[in-house]
Amino acid sequence: MRKLIRLEWVSVLYLVLFVLAVLTPRVITHDWYGMDEAQIEEVLIFFFGMTGLVSFSLYERLMEWWVKEKEVAERERDTARKELVSSYEYIGSMNRQIDALKRVANETAASVVAEDDTTHKELFQSLAASAATLAGSRHATIRVVALDRLRTIREYHADPQSPLQVANKELLRSHEEKNPSSSVRGENGNDILIIPSDRTSSPAKTFILIAAPPHAINANDTDLLRVYANQAELLYHALSRKDRPSIDSMALVREAERRVVGHIS
């Protein structure tokens with residue numbers, strides 16, 4: 001509608017200028033102020049023509065500005081739409097991750113009081129599989145390492161057929177550098193992301209290893225993966241001390257929660 005209105009007033013302006021130019025010989029019938037009739041007619045026709053030309057140039061500039069404004073508005077609309085879609089996808093991803101963490105927490109609580117070692121192993125493997133799914137990878141490993149001796153205490157794989165091979169000295173370096181995550185080249189030549197737990201007061205530390213290239217996982221996912229590492233460490237310490245009859249199982253969980261802190265920034 002706005003375009004039609006602009007076209008209408010420009011057309012009316014052109015029509016008026018054209019009519020004035022055509023009627024000039026009829027309007028000018030005698031000499032004015034020392035100028036003969038022909039000269040006055042030429043000046044007026046030239047003025048009407050220049051007015052039309054200037055009006056056309058201004059209208060063209062106005063249309064160019066309007067087109068650019070329209071393109072900017074369309075780009076902003078497309079950007080806002082993409083950001084909105086990305087926000088919904090992120091919210092959906094976070095909801096799925098929170099549901100997964102709740103499920104893992106429930107399984108951990110159930111496993112602490114379970115007597116079956118197979119159940120414990122399946123839970124650690126479930127933790128590793130959940131971490132792999134979060135990172136968009138097929139392979140993940142949970143490894144508990146005695147850092148003072150560089151000895152692997154426990155190790156669980158999301159895919160037992162494809163364990164991730166990383167030297168414990170690389171895990172020790174990650175622990176000493178206190179990085180929330182680091183990437184190294186595995187013994188099989190693939191890139192492996194290392195996510196350490198937050199615990200620093202014990203020589204036994206839990207790491208999550210994920211087959212993923214550098215910068216493939218964003219910071220939010222890294223924080224959530226660290227929660228998985230903390231959850232695995234909580235479960236390991238609770239189960240490793242469960243055979244002491246004088247200690248209540250829930251007391252073990254509370255103590256482990258006090259020492260192993262997971263957070264999402």
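In the set (1) small (Gly, Ala, Ser); (2) farther than 20 Å from Glu233 by Cα; (3) modelled with pLDDT of 80 or more, Ser162 fails one condition alone, (3).
Could you count how many residues in the range 93-140 are modelled with pLDDT under 80, surrounded by fewer than 17 Cβ atoms within 10 Å (Cβ to Cβ) and β-branched (Val, Ile, Thr)? Residues flagged as modelled with pLDDT under 80, surrounded by fewer than 17 Cβ atoms within 10 Å (Cβ to Cβ) and β-branched (Val, Ile, Thr) within the range 93-140 amount to 4. In the range 11-55, the qualifying residues are those that are of a type in the set (Ser, Thr, Tyr) and in a helix (DSSP H, G or I), and the one that is modelled with the highest pLDDT is Thr51.
Cβ-Cβ contacts under 8 Å between residues 6 or more apart (or on different chains), taken from a first residue in the range 22-35 that is closer than 14 Å to Phe47 by Cβ to a second residue that is among the charged types (D, E, K, R), are listed as Thr24/Glu41; Ile28/Glu37; Ile28/Glu41.
The values are calculated or read from the model by the stated rules, or taken from the named source; none is laboratory data. In this text the structure is predicted, and so the values were computed from the model without any measurement. Because the Cβ atoms are built from the backbone with ideal geometry, glycine has one as well, and the counts that use them run over all protein chains shown.
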